[in-house]
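Please read the structure below before turning to the comments.
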Amino acid sequence: MAALPGPPSFLAKFIPPSQPTTPGRQLPTSIPLPVLPAVEAAKRLAAFAAVDQNIGLEHKIIGVGSGSTVPYVVDRIVAQGPAANSDRVFVPTSFQSKELIIKAGLVLGDVDQYPRLDVTIDGADEVDDELNSIKGGGACQLREKVLAEAADTWIIVADYRKNSKVLGTTWKKGIPIEVVPFAYATVLRDLAKAGAPEILPDGTPGLTLRMGKMKAGPVITDNGNFVIDAPFPVEMMKDPAGLLRRIKMMTGVVEVGLFCDMAKAAYFGNEDGSVQIRRVDGSVETLSSVPDTPVLAQQAA
Ligand SMILES: O=C[C@H](O)[C@H](O)[C@H](O)COP(=O)(O)O
């Protein structure tokens with residue numbers, strides 16, 4: 001295949017990065033990598049380890065998730081080298097990941113061309129002890145779930161703050177729910193009836209229509225819909241699959257940011273430089289460190 005085209009200049013010029021660009025992101029192949037604040041370093045560790053263990057030369061169709069951890073996934077894929085990436089196609093879960101793929105000079109594809117993917121790697125807002133997760137902090141949960149289901153292997157990458165036993169322990173904002181605009185009021189009513197409180201015990205807002213920042217009115221998803229954030233009592237969060245089924249049945253709900261029984265593994269970067277890997281079979285592995293350079297880059301060269 002011919003050399004990959006570079007990113008169109010108009011994108012770089014007019015579209016600022018969706019996520020803050022850190023020094024570490026600008027130099028994916030530099031050795032040693034720049035020192036990052038603890039949480040950013042943990043995200044990078046998780047992403048690097050997940051790519052090293054799950055994206056090999058045989059993987060050609062790759063789903064790219066959304067959020068602030070995924071840029072490090074793209075960095076590590078790029079660091080595998082041009083030979084490894086020359087015949088791969090990357091399918092985005094959001095405007096943000098589409099932009100990451102283009103700016104990295106990787107080949108962009110769509111799920112209607114590639115309804116089966118080899119691997120998708122994505123972030124999460126919180127992960128429980130059975131690898132169920134809350135997603136949608138960036139309002140991308142619909143496309144993310146499509147690409148999670150389309151992939152033979154779906155992998156989560158996150159920092160240590162997301163590593164929980166029960167969902168809702170650290171992510172207090174509630175379950176992100178994408179709804180068609182016409183039905184948001186009736187869905188809010190249905191969610192309240194189902195047990196989502198309007199005010200949380202600490203006095204902060206509970207069930208809410210997510211509002212835009214620097215924009216009057218609600219957040220609009222990449223699909224033109226609204227997002228409701230619905231916190232539920234801990235007893236209900238202990239059964240995420242049951243809660244997912246119940247919310248999904250509400251008329252007007254497009255997708256629910258609960259991902260149940262989907263992940264093959266979750267990679268958590270830790271403050272001490274280690275990575276904990278929890279797999280669907282219940283096994284737990286800890287890597288004490290992650291190399292700066294991917295081994296695959298040497299194989300592919
Ligand atoms: O809608 C956004 C996605 O579900 C993200 O993957 C999720 O919010 C995690 O993002 P981050 O890695 O920035 O915490």
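The values are calculated or read from the model by the stated rules, or taken from the named source; none is laboratory data. Since the structure is predicted, the reported quantities are computational estimates derived from the model, not experimental observations. Please note: Cβ atoms are built from the backbone with ideal geometry, for glycine as well, and neighbour counts cover all protein chains shown. Side chains are part of the model used for accessible areas, which takes the heavy atoms of the whole protein and leaves out ligands, DNA and RNA. Shrake-Rupley method; radii C 1.70, N 1.55, O 1.52, S 1.80 Å.
Using C-alpha pairs below 8 Å separated by at least 6 residues, the relative contact order for the chain is 22 percent. Ordered by solvent-accessible area of protein heavy atoms (1.4 Å probe), largest first, the residues LEU209, LEU108, LEU243 come out as LEU108, LEU209, LEU243.
Our Cα-only numbers for the chain put the radius of gyration and Dmax at 19.1, 59 Å.
Helices in the chain, meaning DSSP H runs of at least 4 residues, each add -39500 (n - 2.57). Divided by all residues, the mean residue ellipticity at 222 nm is -8000 deg cm²/dmol. 3J(HN,Hα) couplings calculated from phi for region 96-113 with the Karplus curve 6.51 cos²θ - 1.76 cosθ + 1.60 (θ = phi - 60°) are, in sequence order, 4, 6, 4, 5, 4, 5, 5, 5, 7, x, 8, 7, 8, x, 10, 5, 6, 7 Hz; Gly and Pro show x. Of ALA104, ALA47, ALA158, the residue with the greatest mean-square motion in the GNM of the chain, using alpha carbon springs below 10 Å, is ALA104. The 1.4 Å probe gives accessible areas that order SER283, SER274, largest first, as SER283, SER274.
A straight Cα-to-Cα reach below 12 Å connects LYS238 with the aspartates and glutamates ASP128, ASP129, GLU130, residues fewer than 8 places away in its own chain not being considered. Ordered from longest to shortest, the equivalent ellipsoid semi-axes for region 39-103 are 18, 15, 9 Å, each the square root of 5 times a Cα gyration tensor eigenvalue. In terms of its C-alpha gyration tensor, region 209-275 comes out oblate, because a/c is 1.5 or above while a/b does not outweigh b/c. For the pair GLU271 and ASN223, the difference between a 0.36 nm per residue extended length and the Cα-Cα distance amounts to 13.7 nm. When the solvent-accessible area of the chain is split by element, carbon and sulfur atoms take up 59 percent of it, the probe being 1.4 Å.
Extending 7 Å from the Cα toward the beta-carbon at both THR169 and GLU58 defines two label points whose distance is 3.5 nm.
Any idea what the dipole of region 175-256 comes to, in debye rounded to 20, about its Cα centre with Lys/Arg Cβ at +1 and Asp/Glu Cβ at -1?
Numbers: 9 positive and 9 negative charges, 26 e Å.
Dipole magnitude for region 175-256 comes out near 120 debye.
Summarising the strand pairing of the chain, around 55 percent of its internal DSSP beta bridges are antiparallel.
Given in Å, the Rg to one decimal and the Dmax to the nearest whole number for the Cα atoms of region 100-208 are 16.6, 48.
Remark: region 244-253, residue by residue, has Karplus-estimated 3J(HN,Hα) of 4, 4, 5, 5, 4, 6, 6, 5, x, 7 Hz, where x stands for each Gly or Pro and the curve is 6.51 cos²θ - 1.76 cosθ + 1.60 at θ = phi - 60°. A full extension of the chain between LYS248 and LEU209 corresponds to an added length of 12.3 nm, given 0.36 nm per residue minus the alpha carbon distance. If one computes P(r) from the Cα atoms of region 175-256, what percent of pairs lie at distances over 18 Å? That fraction is 39 percent. Annotation: lysines with alpha-carbon distance below 17 angstrom to LYS213 (same-chain offsets under eight excluded): LYS173.
Per residue, the solvent-accessible area of the chain (1.4 Å probe, heavy atoms of protein chains only, all protein chains present) comes to 46 Å². The order of the peptides 227-238, 116-127 by mean Cβ neighbours within 10 Å, most packed first, is 116-127, 227-238. Using Cβ point charges alone (K and R +1, D and E -1), the dipole size of the chain about the Cα centre works out to roughly 680 debye.
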